[in-house]
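The values are calculated or read from the model by the stated rules, or taken from the named source; none is laboratory data. Computed from a predicted structure; not experimentally measured. So basically every Cβ, Gly included, is an ideal-geometry build from the backbone, and we count neighbours across all protein chains shown. Heavy atoms of the whole protein, side chains included, go into the accessibility calculation; ligands, DNA and RNA do not. Shrake-Rupley method; radii C 1.70, N 1.55, O 1.52, S 1.80 Å.
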Amino acid sequence: RRQRQMCIRDRSVIIPIYNVEQYLTKCLESVINQTYKNLEIILVDDGSTDNSGKICDEIAIKDNRIKVIHKKNGGLSDARNVGIDIAKGDYLGFVDSDDYIDYNMYEELFDVIKCHDVDIVYSNFQTEYLDGRIEGCDKNSGQIYIRSSLDVLRDMMWDKLNCSSCTKLFKRTVFSEYKFPENNIYEDRIAMHMWILQCKQVAWVDKVFYHYVERSS
């Protein structure tokens with residue numbers, strides 16, 4: 001019975017992938033090696049023309065938590081939405097395939113969601129440049145703040161809060177009516193206010209878990 005229960009992945013991580021063979025292994029290892037192990041890891045190869053798809057297939061052979069979808073190129077939002085449609089977890093996270101995350105990210109964010117009964121929890125991130133420069137938040141106190149959706153929305157509109165879906169963990173019910181808009185840039189910004197407004201409260205963990213790799217392309 002215990003083995004059967006462990007096969008039910010309650011958290012799904014969706015990683016859209018397009019021509020990132022140089023960065024992909026580091027990204028995938030940061031998700032595979034999470035301190036919380038009972039993850040469903042969905043790799044959506046969005047029509048890559050380099051070796052990204054091959055890397056996905058090879059790493060999936062070694063880890064039965066990984067599902068690989070190969071599809072015609074449709075863009076970031078389309079790839080994320082494909083992942084949402086097949087995800088089995090009650091909680092969804094997103095990682096871009098040229099970035100990486102701290103090994104305790106999903107365990108800590110999930111603990112906050114469960115403890116405070118919120119639909120969305122978000123954390124800090126830092127930007128890492130290929131020349132070694134790092135830019136990030138000033139505080140990183142590690143404290144947890146429970147915020148109203150209107151306060152969070154106000155900070156988003158004043159650019160005090162990053163709109164990326166990648167720094168967040170969501171209850172999957174957040175996406176029941178509205179998913180990522182396709183054929184748009186800054187798709188997170190377009191959709192995030194809709195998701196935030198569905199929530200009475202949102203949790204913020206004042207801590208860096210997500211590492212955004214800035215590159216020219």
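Worth a mention:
- R154 falls short on exactly one of the conditions (1) closer than 27 Å to D85 by Cα; (2) in a helix (DSSP H, G or I); (3) not hydroxyl-bearing (S, T, Y), and that condition is (1).
- Residue list for the stretch 130-143, filter: open to solvent by 60 Å² or more (accessible area, probe 1.4 Å) and either small (G, A, S) or not in a loop (DSSP other than H, G, I, E, B) (or both): I134, E135, S141
- Note on the stretch 98-116: among residues that are hydrophobic (A, V, I, L, M, F, W, C) and open to solvent by less than 40 Å² (accessible area, probe 1.4 Å), the one that is farthest from Y145 (Cα to Cα) is I101.
- Test: residue in the stretch 10-24 that is within 23 Å of T173 (Cβ to Cβ), modelled with pLDDT under 95 and surrounded by fewer than 20 Cβ atoms within 10 Å (Cβ to Cβ): yes
- Considering the stretch 117-126, and only residues there that are surrounded by 15 or more Cβ atoms within 10 Å (Cβ to Cβ) and of a type outside the set (A, V, I, L, M), the residue that is nearest to T173 (Cα to Cα) turns out to be D119.
- Matching strands (runs of 3 or more DSSP E) fully within the stretch 1-81 where at least 1 residues are under 13 Å from the mean Cα position of the chain (by Cα) and within 23 Å of L109 (Cα to Cα): 11-17, 39-46
- Here is the figure for the stretch 153-197: residues that are over 14 Å from the mean Cα position of the chain (by Cα), among the basic types (K, R) and open to solvent by less than 10 Å² (accessible area, probe 1.4 Å) total 0.
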